[in-house]
Amino acid sequence: MARTADKAAAEKVLVRAEAKWVRHSARKARVVLEHIRGRSVPEARTILAFTQRAAATEIEKVLRSAVANAEANHGLIGDELVIAQAYANEGPTLKRWRPRARGRVNRIFKRTCHITIVLGEDPKADLRPRRRAAQPAQAQTPAPAAAGDAAPAEEKPKRKSASKKKEGAAA
């Protein structure tokens, strides 16, 4: 029983991409990452494109890198992947000083973060029915009418003209 679980775990491919020392705070990056966690790659790209936070551009770069890793290294189709994990850890903080009045200083912390995105195959992909290619409609040509026939056997009724509601109310 344990061996079958190991095989299932081995078949599931996880692809990872990481951006280190990104000049955004981890707290601000986590806000954006919460929106895309668990979503499909095309949906996440759309969300990131319309997110106005500055961290969204950096996260989009990491997502593109993860998709490229999946396609190049594992032969997966990028649009069929799902964001399995997305997190931002704190990186080193740059400490700077700003002079203030009366010989004092204020500390400035320039925070960095490490953004990681892990892509996996969609678990619902096997359950979803595959779309079939649309079959071309076969046009049925009517049999040629004999010279003596006035009208074909099956004729569609003509469309009635639109009745004006105001005429009935005026009368």
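None of the figures in this text is laboratory data; all of them are computed from the coordinates on show. Please read all numbers here as calculations on a predicted model, not as lab measurements. All Cβ positions, glycine included, derive from the backbone under ideal geometry; neighbour counts span all protein chains shown.
Note on segment 47-95: residues that are hydrophobic (A, V, I, L, M, F, W, C) and part of a helix (DSSP H, G or I) total 13.
Taking the criterion of being within 18 Å of residue 91 (Cα to Cα) and either in contact with a Gly (Cβ under 9 Å, 6 or more places away or on another chain) or among the hydrophobic types (A, V, I, L, M, F, W, C) (or both), the residues of segment 24-63 that qualify are 26, 29, 31, 32, 33, 54, 55, 56, 59, 62. Taking first residues from segment 99-112 that are surrounded by 10 or more Cβ atoms within 10 Å (Cβ to Cβ) and partners that are among the acidic types (Asp, Glu), the Cβ contacts under 9 Å between residues at least 6 apart in sequence or on separate chains come to 111/90; 112/90.
Could you list, in sequence order, all residues of segment 61-86 that are surrounded by fewer than 16 Cβ atoms within 10 Å (Cβ to Cβ) and in contact with a Lys or Arg (Cβ under 8 Å, 6 or more places away or on another chain)? Passing the criteria: only 85.
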